[in-house]
Amino acid sequence: MREVDRGIDTGVDGGAEPAGDGPDQPDHSAGTDRDEPRRQHRGRWVDIAIGLVLVGLGAVGALRWYDSTAYPVVVLQTAGPFVVVGLGLLAIATLVLRRWWMLLPVVAVLAVAVTVAAPAFRDTTSPKAERDLTVMSANVWIGEANAVQLMDAVRYHSVDVLVLTEATPAILRRLDAEGATVYFSQREGVARAGTFTGTMVLSRYPLTVIDRGADPAVQGTDSVQPELDVTAPEGTVRLKVAHPTAPLRGDTEQWRAGLRALDSWKQRLDGDELLVMAGDFNAGFGHPGFRDLAAGLDDAQRTAGQGWVRTWPFAGNRLPAFAALDHLLSRGLTVVAAGQVAYNRADHAAVWASYHLPAR
């Protein structure tokens, strides 16, 4: 009777209430309906966040085609490797979050970035060719560099020509104490105390000065940029030292003028002349001015397929090295091998390359 009475009081058609439909049971379908707008709203914000990051990375990457002397632009143009890494991480995040419709634009921009970066990873050296001339360029940080380590690197790589930017009398004395006068029989250039403008070239082979490169009005920089002939046993190579003004705030116009002056010098040189341009260019392939200068020349590190080369900053900066500012550019020579050497008390790594000279 009690069960019947309960059925009469609460049931329908005199029957008991079906399980799961009572007031004490959760309504799962209603909860799902309420959560769906929330999920859609959250998904829209995720899409917006992905889109903003994509636009930001794409904009920074696109700056490599914008020739400007605006300080923020010049700095951001060195961030190309970070753009590629950032786009790769963004693509992974988009996959993990299953934002499928955002994946297409992310992958498209990533593909463009990878295409731009790919040549730096393609090795086109000729390792079986004879090493006729090895050149090293080292920024010695206004003469503060560790001379012992630098001379060790010179001997290890059998360097024939050593280009020193920011050379001072003090660094020359320390190098000489480590055997530079015995190892190198020739030297040309100007060493200046207390300034970044000095440049010296030390060589095992005879040097002939074509232009001392000491006129800032012509060179576009206060640094000495000598032009020399290096007479190696297999032939003569024209060597031009490069050290444009650093693109610090307020100096970017002079920096761009220095790159332009080097490009003009290159255009005036006879197209058949064997050429090496070596030094701290204070610029890389993210800068249109440097790409203009490097057009038609082989960058030793890129020819060796070394990818993300980092020569600055080392000592004196809390940032890890991330930019390739030091280069060896050549014309008419075969790159056999190339690399970098970091040494203490210098904010740049040295770059070196071994070349094979064509038969004359």
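Backbone amide hydrogens, once placed in the peptide plane, bring Ser126 within less than 5 Å of Val335, Val336, excluding anything fewer than 5 places away on its chain. For region 186-268, what class follows from the C-alpha gyration tensor (a ≥ b ≥ c being the square roots of its eigenvalues): rounded when a/c is under 1.5, otherwise prolate if a/b is larger than b/c, else oblate? It is oblate, given that a/c is not under 1.5 and a/b is not larger than b/c.
Taking every alpha-carbon pair in region 94-213 and binning the separations at 5 Å intervals from zero gives 2, 10, 15, 15, 11, 8, 8, 7, 5, 6, 6, 4, 2, 0 percent.
Ordered by 1.4 Å accessible area with all protein chains kept, Thr221, Thr181 run largest first as Thr181, Thr221.
Rounded to two decimals, the Cα-based Rg/Rh of region 276-316, with Kirkwood Rh, is 0.96.
Our summary of shape: the Cα atoms of region 147-238 have principal axis extents of 38, 34, 16 Å, ordered from largest down, in whole angstrom.
Could you give the length gained on full extension between Arg360 and Ala177, defined as 0.36 nm per residue of separation minus the Cα-Cα distance, in nm? Full-extension gain reported as 62.1 nm. Per-residue accessible area (protein heavy atoms, 1.4 Å probe) orders Phe82, Phe281 as Phe82, Phe281, starting from the largest. Taking N as the residue count of region 266-360, its C-alpha radius of gyration divided by 2.2 N^0.38 Å amounts to 1.13.
Residues Tyr71, Tyr205, Tyr156, Tyr343, ordered by accessible area of protein heavy atoms at a 1.4 angstrom probe radius and largest first, appear as Tyr156, Tyr71, Tyr205, Tyr343. Taken one residue at a time, the phi angles of region 340-348 give Karplus couplings (6.51, -1.76, 1.60, θ = phi - 60°) of 10, 9, 8, 9, 5, 6, 8, 8, 10 Hz. Gly and Pro are set to x. A convex hull fitted to the Cα coordinates of region 149-191 yields 72 cubic angstrom per residue.
Evaluate 2.2 N^0.38 Å with N set to the residue count of region 302-357, then give the Cα radius of gyration divided by it.
1.23
Of the DSSP H helices in the chain, those with a Cα length along their own long axis of 15 Å or more and a mean Kyte-Doolittle hydropathy reaching 0.0 comprise 80-96, 100-117. If you look at the Cα atoms of region 128-177, you get an Rg and a Dmax of 11.8, 39 Å. Close amide H contacts of Ala242 (hydrogens built in the peptide plane, cut-off under 5 Å, sequence separation of 5 or more or a different chain): Ala278, Gly279, Asp280. At full extension, Thr124 and Ala193 could sit 20.8 nm farther apart than now, given 0.36 nm per residue minus the alpha carbon distance.
The dipole here belongs to region 191-267: it is taken about the Cα centre, uses +1 on the Cβ of Lys and Arg and -1 on the Cβ of Asp and Glu, and is about 120 debye. Over all other residues within a Cβ to Cβ distance under 13 Å of Ser68, the charged ones net out to 0, with Lys and Arg as +1 and Asp and Glu as -1.
Within the full protein context, the accessible area of Val60 is estimated at about 40 Å² for a probe radius of 1.4 Å.
State the extension gain, in nm to one decimal, for the chain segment bounded by Val148 and Asp35, taking 0.36 nm per residue of separation less the distance between their alpha-carbons.
My answer for the length gained is 33.8 nm.
Accessible area per residue for region 213-360 is 37 Å², calculated with a 1.4 Å probe on protein heavy atoms, without ligands, DNA or RNA. When all alpha carbon pairs of region 253-306 are counted in 10 Å bins from zero, the resulting P(r) reads 21, 58, 20, 1 %.
How big is the charge dipole of region 36-101 about its Cα centre, in debye rounded to the nearest 20, if each Lys and Arg gets +1 on its Cβ and each Asp and Glu gets -1 on its Cβ? Charge dipole of region 36-101: 380 debye, to the nearest 20. Note that the chain shows a convex hull volume over its alpha carbon atoms of 201 Å³ per residue. For Tyr156 and Leu95, FRET efficiency with R0 = 51 Å and r from the beta-carbon atoms, rounded to 0.05? My answer for the efficiency is 0.70.
Inverting the pair-averaged 1/r between distinct Cα atoms of region 159-305 gives 15.9 Å as its Kirkwood hydrodynamic radius. Net charge dipole, the chain: roughly 960 debye, given to the nearest 20, about the Cα centre with Cβ charges of +1 for Lys and Arg and -1 for Asp and Glu.
The values are calculated or read from the model by the stated rules, or taken from the named source; none is laboratory data. On a predicted model such as this, the values are computed, not experimentally measured, just so you know. All Cβ positions, glycine included, derive from the backbone under ideal geometry; neighbour counts span all protein chains shown. Calculation scope for accessible area: heavy atoms of the full protein, side chains included, ligands and nucleic acids excluded. Shrake-Rupley method; radii C 1.70, N 1.55, O 1.52, S 1.80 Å.
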